[in-house]
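Here the structure is laid out as structure tokens; the discussion comes afterwards.
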Amino acid sequence: MNQDQSDQPAHPSTQPQSVRQVVLPSGRMIEVVHFHDTATDSRVLSDCPACGSDLVQPLAWSQAADGRWNLLLECPNCRRSEAGTFARTQVEHLEDHLDEGLTAMITDLQRMAQANLIADIERFTRALQADQILPEDF
Ligand SMILES: [Zn+2]
């Protein structure tokens, strides 16, 4: 008989209290490890405990009891997922962090659009000066 080792489950030293699979709107399936750790109430949710990235984002959320929130979080850097119930102050801090990120992205987008527009105007001006724009071009 063959001895098959592929069915041996790997058990990490820390046991999660629940593991479930979630299908995201994109169709991708992720495995969510749910730890029930009340000591996490002071943790900054935007910071990934696995890789240190500050880009952790909520994928799903719902209101829980006592003003707390159930969140499904994912780090876009290392793809670590986590589901948990977090304090309102943590969620507000995460929301503020996301708002700051959105503002920074919009500002960068506006700068890029302006830089592209300036480059287009400069190209058009050079073409006009070189008599390379003719009425037939319009
Ligand atoms: Zn990470």
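The values are calculated or read from the model by the stated rules, or taken from the named source; none is laboratory data. Remember, predicted model here, so these are calculated numbers, not experimental data. Virtual Cβ from ideal backbone geometry, glycine too; neighbours counted across all protein chains shown. Please note that ligands, DNA and RNA were not included when accessible areas were found on the heavy atoms of the full protein model with its side chains. Shrake-Rupley method; radii C 1.70, N 1.55, O 1.52, S 1.80 Å.
Of all the numbered requirements in (1) part of a helix (DSSP H, G or I); (2) open to solvent by 80 Å² or more (accessible area, probe 1.4 Å); (3) within 16 Å of the ligand (Cβ to nearest atom), Arg79 misses one, and that requirement is (1).
Ser6 meets each of the listed conditions (1) modelled with pLDDT under 95; (2) small (Gly, Ala, Ser); (3) buried (at least 16 other Cβ atoms within 10 Å of the Cβ) apart from (3).
Could you identify the single residue in Thr89, Thr40, Thr14 that is open to solvent by 50 Å² or more (accessible area, probe 1.4 Å) and modelled with pLDDT under 90?
Values: Thr89 fails: modelled with pLDDT under 90; Thr40 fails: open to solvent by 50 Å² or more (accessible area, probe 1.4 Å).
Among Thr89, Thr40, Thr14, only Thr14 is open to solvent by 50 Å² or more (accessible area, probe 1.4 Å) and modelled with pLDDT under 90.
Going through (1) away from the ligand (no atom under 16 Å from the Cβ); (2) modelled with pLDDT of 95 or more one by one, Leu72 falls short only on (1).
Selection within the stretch 99-138: residues that are open to solvent by 100 Å² or more (accessible area, probe 1.4 Å) and among the acidic types (Asp, Glu). The member of this set that is nearest to the chain's Cα centre (by Cα) is Glu100.
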